[in-house]
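Beneath this line is the structure, given in structure tokens, with notes to follow.
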Amino acid sequence: MIDDSLPIIDTTEAFQQCIAEHRATLIWFTGPDCRVCQDLKPKIAQLISEQFPQIHCFQVDCAASPALSAQRQIFTVPTLLVYLEGQEFIRLSRSFSPAQLAAELDRPYRLLFS
């Protein structure tokens, strides 16, 4: 689930570890003053918890970890990265909807976990 209690990733090592430890990982890149981030978080949280419960979610504060964000070529917030079995599978930035994420994630998620 995506909320303010999400585990925060702030190093490259922690980022790599999260991806390596879980078959499905969603990383939410956000900023402290991002209004779109604040509006989307609860909607994405509900989507993940209801339709994709086996995805492990984490967040990166781009203001606090600019080097990590730059390494992943994240230059705008919000940005979502979804990794499936260690490979980046989905990248959504700036203006996207929960419906768009669900549409892109539905089939690969079902194949991976069915």
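The values are calculated or read from the model by the stated rules, or taken from the named source; none is laboratory data. In this text, all values refer to a predicted model and were calculated from it rather than measured experimentally. Cβ atoms come from the backbone with ideal geometry, glycine included; neighbour counts cover every protein chain shown.
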| said: Can you tell me which condition residue 111 does not meet? The list is (1) surrounded by fewer than 19 Cβ atoms within 10 Å (Cβ to Cβ); (2) outside any helix (DSSP H, G or I); (3) among the aliphatic types (A, V, I, L, M), and all the others hold. | reply: (2)
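Considering each of 90, 74 in turn, give the residue that is within 13 Å of the chain's Cα centre (by Cα) and surrounded by 18 or more Cβ atoms within 10 Å (Cβ to Cβ). Walk me through how you get there before you give the answer.
On the way: 90 fails: surrounded by 18 or more Cβ atoms within 10 Å (Cβ to Cβ).
Unique residue meeting the criteria: 74.
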| message | Looking at region 98-114, I want the residues that are of a type outside the set (Ser, Thr, Tyr) and have a partner that is in a helix (DSSP H, G or I) with Cβ atoms under 7 Å, at least 6 apart or on another chain. Which pairs are those? | response | 98/43; 98/44; 98/47; 101/44; 101/47; 102/47; 102/51
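For region 27-41, give me each residue that is within 14 Å of residue 59 (Cα to Cα), free of Cβ contacts under 8 Å to residues at least 40 places away in the same chain and part of a helix (DSSP H, G or I).
38, 41 - these are the residues of region 27-41 that are within 14 Å of residue 59 (Cα to Cα), free of Cβ contacts under 8 Å to residues at least 40 places away in the same chain and part of a helix (DSSP H, G or I).
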| field | Failed item in (1) without any contact (Cβ under 8 Å) to a residue 12 or more places away in the chain; (2) more than 22 Å from residue 99 (Cα to Cα); (3) assigned to a loop (DSSP other than H, G, I, E, B), with residue 53 passing the rest | value | (2)
| query | Looking only at residues in region 70-92 that are at pLDDT 95 or above and hydroxyl-bearing (Ser, Thr, Tyr), which one is nearest to residue 21 (Cα to Cα)? | reply | 83
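Confirm whether residue 2 is surrounded by 12 or more Cβ atoms within 10 Å (Cβ to Cβ), modelled with pLDDT of 95 or more, of a type in the set (A, V, I, L, M) and out of contact with any His (no Cβ under 9 Å at 6 or more places or on another chain).
Here the answer is no, as residue 2 does not meet what is asked.
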